[in-house]
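First up is the structure itself, then whatever we jot down about it.
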Amino acid sequence: MNFELSQDHKVLQSAVRDFVEKEIKPIAMKIDEDHAIPDSLVKQMGEMGFLGSYLPEEYGGAGLDMLSYAIVVEEVSKACGSSGVLISAHTSLASGPIYTFGTEEQKKKWLPALNTGDTIGCFLLTEPGAGSDAGGTATTYTRDGDHFVINGSKTFITNGGYLGTGVLLASFDRSLKHKGISAFIVDLQSPGVTILKNENKMGIRGSYTTAFAFDNLRVPVENLLGHEGKGFNIAMDTLNGGRIGIASQALGIAEGAFERALAYSKERKQFDQAICEFQAIQFKLADMWTRIETSKLLTYKAACLKDAKKSYTMESAMCKMHASETATYVTKEAMQIHGGYGYIADYEVERMYRDAKITEIYEGTNEVQRVVISKLLLS
Amino acid sequence: MKLLVCIKQVPDMESRFKPDASGIWYNEADLAFRMNEYDEYAVEQAVQLREKLGEGSELTVLSIGPDRVVEAIKKALAMGCDNAVHVQDTAASAKDPWQIASIIAGYAKDKSFDVIFTGMQSQDRGSAQVGVTVAELLGVACTTTIVGFAYDNGVITAKRELEGGIKGAVTLNTPALVTCQLGLNVPRYPTLPNIMKAKKKEITAIPAADLTTSESLAATTSFHPPAKKGGGIVLEGDVGELVDKVIAILKDKTAVLR
């Protein structure tokens, strides 16, 4: 076994780290305050290749692997969880299924603009009445000549506000539950698409979380992704890969909070000594770092298994669950180490604490991850 | 045209340095390494010239050291160098500037490079001798500490940084070597697609012993942190006096006020 990154991955990590340090870290607080990632940063991330890291070069991607993608999301999230989830949702949930399930024509048509960040992707699965239970999808479609006509609503759509390219799940017969669901590639600039609202959230405030209504949205038949009735399988496979992205985001948030807590514990003096001299603080740091390291090992392992085209369902569920719980734990302890200052919005750990929580909820709640893991253990 | 840029991999300067067991250099364990800052300006300038010259020109990056220096080489390839030479030397840090320059000159002597770029110095050893010594050994023109660079038709026009903020302008006929200083340019980030492309670029490995057998002319005899000084200066008095004292110190000790 070898637990060291390859030289190529180290080059990538250091390049991403330099970019994040100079271009994202200085504006991370402002992204949170403004509830928006500047368009200029989205463009820069596109130019850097962050939005198409593991997609092949022939479709405008960088042609790297899943581990590279995990490193990109991790490094970006160390500074800004909002920018991290933009990359994760865009790549794993939009470009990912189009690449995995799309026809050659679909890949050539949709992927280049996604991979360069000219359009931002999103995944339209969740509905007001269908979250973890995707089989309850109430958005419906009918066939009308060479179009499908979609009606319904979607909610909590990460990146939705960009009105870019979406992968949308809808049912042709709700009584069939998950067997009635199909997936479509949707241009969200089309007539019939309405943004109901962009949600005001506790954390990852720079990231769009959008509610949509679809009123007779007409989608050309060539935009059907995979086969009719197979949408549920596409959704599950997509979320499976997406969990590696969220695990990486959570890992990055935890590492970002740890770095600040460690530095602060060396600076802050009480009773005539740096607080890191107290065993109470030392034990916190040890616990935080151990959970970070285990999260990293699980996340990188899941990415490597996907790269090796081996089964990674269990590992992606475990890394998502563990890294997200690490993120909420580490940010909480980082705030505690900062004392009262950690609770003040001028300190970054306050933002990171808010950013961390969602990672336990989205792309499958941690309860769902436990279901996935235990089912595989008992099957 | 043939271009060469020489780079060194150095520890991250924010690291905590400890002497090694022999007490003559730093202990490399647990250090993170990266490309020497001044060499990044050299790579950027070389890549800009390579892009300006276009087809028919070739930019080679060279680095000396153990296997880890390939990371710095790959970064330079991802920034736009065409190919690379890794001079394999696990004992490079024990070599003096004369030996390092001899290795580079040993490689470059029969290659007819038109322009060679180096950093003005390394961040760890800081001798600022390697670039000029390479130029001397090759018998080519040289100027140092450049903060501006232009090339046209066999002539380099360089802006140099002199003491006290004064600048000088120098013209050199190629072949020539320039050493690059902070302020010359803003090095580009290696993008992910370029990191991928760099994987396909050729890296030629050459053992250092094939390029030079020169003995060192200067030996480092000790590596140690400075002796601990007492606390800083504590100024006392009312605000007016304090300001006067601070201004006097700034004038005396720094270039902030003159």
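The values are calculated or read from the model by the stated rules, or taken from the named source; none is laboratory data. If you're wondering where the values come from, they're calculated on a predicted model, not measured in any experiment. Positions of Cβ are backbone-derived with ideal geometry, glycine not excepted, and every protein chain shown enters the neighbour counts.
For segment A:253-261, the criterion of being in contact with a strand residue (DSSP E or B) (Cβ under 9 Å, 6 or more places away or on another chain), crowded, with 22+ Cβ neighbours inside 10 Å and closer than 30 Å to residue A:100 by Cβ is met by no residue.
Each row is one residue, and each column tells you yes or no for (1) away from every other protein chain (no Cβ under 14 Å); (2) surrounded by fewer than 24 Cβ atoms within 10 Å (Cβ to Cβ); (3) charged (D, E, K, R).
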{"site": "A:18", "(1), (2), (3)": "no, yes, yes"}
{"site": "A:42", "(1), (2), (3)": "yes, yes, no"}
{"site": "A:47", "(1), (2), (3)": "no, yes, yes"}
{"site": "A:71", "(1), (2), (3)": "no, no, no"}
{"site": "A:80", "(1), (2), (3)": "yes, no, no"}
{"site": "A:104", "(1), (2), (3)": "yes, yes, yes"}
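Taking the conditions (1) away from chain A (no Cβ under 14 Å); (2) free of Cβ contacts under 8 Å to residues at least 40 places away in the same chain in turn, residue B:193 satisfies each one other than (1).
Restricting the search to helices (runs of 4 or more DSSP H) fully inside segment A:48-116 and requiring at least 1 residues that are outside the structural domain of residue A:187 (by TED's automatic domain parsing) and touching a strand residue (DSSP E or B) at 6+ places or on another chain (Cβ under 7 Å) gives A:81-88, A:96-101, A:104-115. Out of all the residues in segment B:23-31, is one or more at pLDDT 95 or above and either of a type outside the set (Gly, Ala, Ser) or over 28 Å from residue B:223 (Cα atoms) (or both)? No, there is no match, as no residue in segment B:23-31 is at pLDDT 95 or above and either of a type outside the set (Gly, Ala, Ser) or over 28 Å from residue B:223 (Cα atoms) (or both). The sole residue among B:257, B:250 that is assigned to a loop (DSSP other than H, G, I, E, B) and on the phi < 0 side of the Ramachandran plot is B:257. Evaluate segment B:96-104: report whether one residue or more is within 14 Å of another protein chain (Cβ to nearest Cβ) and of a type in the set (Asp, Glu). Scanning segment B:96-104, I find no residue that is within 14 Å of another protein chain (Cβ to nearest Cβ) and of a type in the set (Asp, Glu), so the answer is no.
The residue that is nearest to the other protein chains (Cβ to nearest Cβ), among those in segment B:196-215 that are surrounded by 20 or more Cβ atoms within 10 Å (Cβ to Cβ) and under 26 Å from residue A:69 (Cα atoms), is B:196.
Hey, among B:237, B:232, B:183, which residue is touching a Lys or Arg at 6+ places or on another chain (Cβ under 8 Å), away from chain A (no Cβ under 14 Å) and either more than 30 Å from residue B:21 (Cα to Cα) or part of a loop (DSSP other than H, G, I, E, B) (or both)? It would help to see each step written out before you state the result.
Working: B:232 fails: touching a Lys or Arg at 6+ places or on another chain (Cβ under 8 Å); B:183 fails: touching a Lys or Arg at 6+ places or on another chain (Cβ under 8 Å).
Unique residue meeting the criteria: B:237.
When you look at residue A:35, is it at positive phi and either within 14 Å of chain B (Cβ to nearest Cβ) or not polar (S, T, N, Q) (or both), yes or no? Steps first, please.
Numbers: at positive phi: yes; either within 14 Å of chain B (Cβ to nearest Cβ) or not polar (S, T, N, Q) (or both): yes.
Yes, satisfied.
Looking across segment B:222-258, the residues that are closer than 30 Å to residue B:26 by Cβ and among the charged types (D, E, K, R) come down to B:228, B:229, B:253.
Scanning segment B:37-85 for residues that are within 14 Å of another protein chain (Cβ to nearest Cβ) and either modelled with pLDDT under 95 or on the phi < 0 side of the Ramachandran plot (or both) yields a count of 22. Note on segment B:94-113: residues that are over 21 Å from residue B:214 (Cα atoms) and surrounded by fewer than 19 Cβ atoms within 10 Å (Cβ to Cβ) total 1.
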